[in-house]
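Worksheet for the structure shown next.
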Amino acid sequence: MTKLEPILLFALRNHASAGRVALASLLLIVVFGLELGGQQKSGLSGAGPVVQGTPDDPLRDPRETHLRHVKQLTFGGQNAEAYFSYDGRRLIFQTTREPYKCDQIFIMNADGSDQHLVSTGQGKTTCSYFYPDGKHILYSSTHLTSPECPPRPNYSQGYVWGVYSAFKIFYATDSGKIVNQLTKGPGYNAEATLSADGKKIVFTSSRDGDLEIYTMNPDGSEVRRLTHRLGYDGGPFFSPDGRWIVYRAHYPTAADEVARYKSLLAKDLVEPMQMDLYVMRADGSEQHQTTGLGGASFAPFFFPGSQRIIFASNYQHPGTSEFELYAVNRDGSKLERISFTGGFNAFPQFSPDGRRLVFASNRNARQPHEINIFLADWEN
């Protein structure tokens, strides 16, 4: 399950009219293998937002004061979740592009050159990350169950997406050879990332009957559950100092919401309607909510100092796919908007030295449904 998927399923929720639902359903588009429905304010159903940049920085809105020298690294298809190697020289990312019908894992140099496949080319993949040695990677894939893309969810049950039990986490070389299968138990296993020292993997799994966050050693041993609250906990990242984990979550509370959540999860489905950011200690203690903005906040990543978090949210346009980048302190204070282009901006990650920011955006998109990877210098 891509970390993108939970954020793009809101727009029809508030349409009571069956006629409007049927009309909006016709607008379903595929983004990373996901049907996205609703009112497309972001331009995802057409070309991307036009950036009124400057001659020397045409892809940066002048209000984006923290960004400089914005460069587009991919051109066409749906590209997202690009993460730096530990030396900052390469990026690993997931992409849907010809000839593949759903996400596969690619690696490229940090300047966008030498883009090449490193997953099997079969099944559906998501959530890739480098190991510190730069020679190995991890990612999740469904290819052991079937070489075909998984079937799309049945939308007669509402806006749902599949948390496919076929997703398992794999350890592979950076040339694409699978060395080991790290998760072999039941349930969905994905959304895995590594700590800065490479000593722990944090990931999301439904192995115990709910979508919870776990840690394990780099070889898949010593699995430890960190969250225990009913609801979806996912998209976790360690802080650079290794002391904290930031993640996104939604917890149903009303009886009907709880019943629906459990019913869908029993079918390997989830229907997230809103999300907030949470932070906890690396051992699972001191769990606390960081944002309460409304709408969906997701894709959090720590600043180099481990005190501040950058993330994506549609809280200013709830129920739409119009997401911008924001920053907030770990305690939830000092919210600041980072991007201003409109459309979809998400999956930010700082380079290991903190000097660059990589993110996904549909700015400058030339075709419908197109999302690309961008790299910018970061200005404090």
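Just so it is clear, none of the values below were taken in a lab; they were calculated from the coordinates. This is a predicted model, so every value here is computed, not measured. Using ideal geometry, Cβ is built from the backbone for each residue, glycine included, and neighbour counts are taken over all protein chains shown.
A few points about this structure:
- Per-residue ³J(HN,Hα) for the range 185-196, Karplus 6.51 cos²θ - 1.76 cosθ + 1.60, θ = phi - 60°, Hz, x for Gly and Pro: x, x, x, 5, 9, 6, 6, 8, 9, 10, 6, 4
- For the range 175-222, alpha-carbon Rg over 2.2 N^0.38 Å: 1.17
- Karplus-derived 3J(HN,Hα), 6.51/-1.76/1.60, for each residue of the range 314-319, Hz, glycine and proline x: 10, 4, 7, 9, x, x
- Cys residues of the chain that find no other Cys beta carbon under 4.7 Å: CYS127.
- Residues whose amide H comes within less than 5 Å of that of TYR315, counting only those at least five positions distant or on another chain, are ALA296 (H built at 1.01 Å from N in the peptide plane).
- Whether the range 262-380 is rounded, prolate or oblate, judged on the alpha carbon gyration tensor where a/c under 1.5 counts as rounded: oblate
- The P(r) of the range 125-225 has a tail past 24 Å containing 22 percent of all C-alpha pairs.
- Gyration tensor (alpha-carbon) shape descriptor, the range 310-375, a/c threshold 1.5: oblate
- The range 290-341 - Rg over Rh from alpha carbon coordinates, Kirkwood radius: 0.95
- Sequence ranges 78-85, 236-243, 260-267, ranked by mean other-Cβ count within 10 angstrom, highest first: 78-85, 236-243, 260-267
- Cα-based Rg of the chain normalised by 2.2 N^0.38 Å, two decimals: 0.90
- 3J(HN,Hα) along the range 241-256: 7, x, 8, 10, 10, 10, 7, 10, 7, 9, 10, x, 10, 5, 4, 5 Hz, from the Karplus curve 6.51 cos²θ - 1.76 cosθ + 1.60 with θ = phi - 60°, whole Hz, x for Gly and Pro.
- Ranked by the mean number of other Cβ atoms within 10 Å per residue, highest first, peptides 310-316, 214-220, 295-301 order as 295-301, 310-316, 214-220.
- Using C-alpha pairs below 8 Å separated by at least 6 residues, the relative contact order for the chain is 19 percent.
- The range 281-353 - percent relative contact order, Cα under 8 Å, separation 6 or more: 27 percent
- Cross-link partners for LYS267 among the aspartates and glutamates, with Cα-Cα distance under 13 Å and sequence neighbours closer than 8 places in the same chain left out: ASP210.
- Hydrodynamic radius of the range 165-296 per Kirkwood, over alpha carbon pairs, in Å: 15.5 Å
- Residue order for CYS149, CYS127, fewest other beta carbons within 10 angstrom first, comes to CYS149, CYS127.
- Ranked for footprinting exposure by Cβ neighbours inside 10 Å, fewest first, ASP208, ASP103 give ASP208, ASP103.
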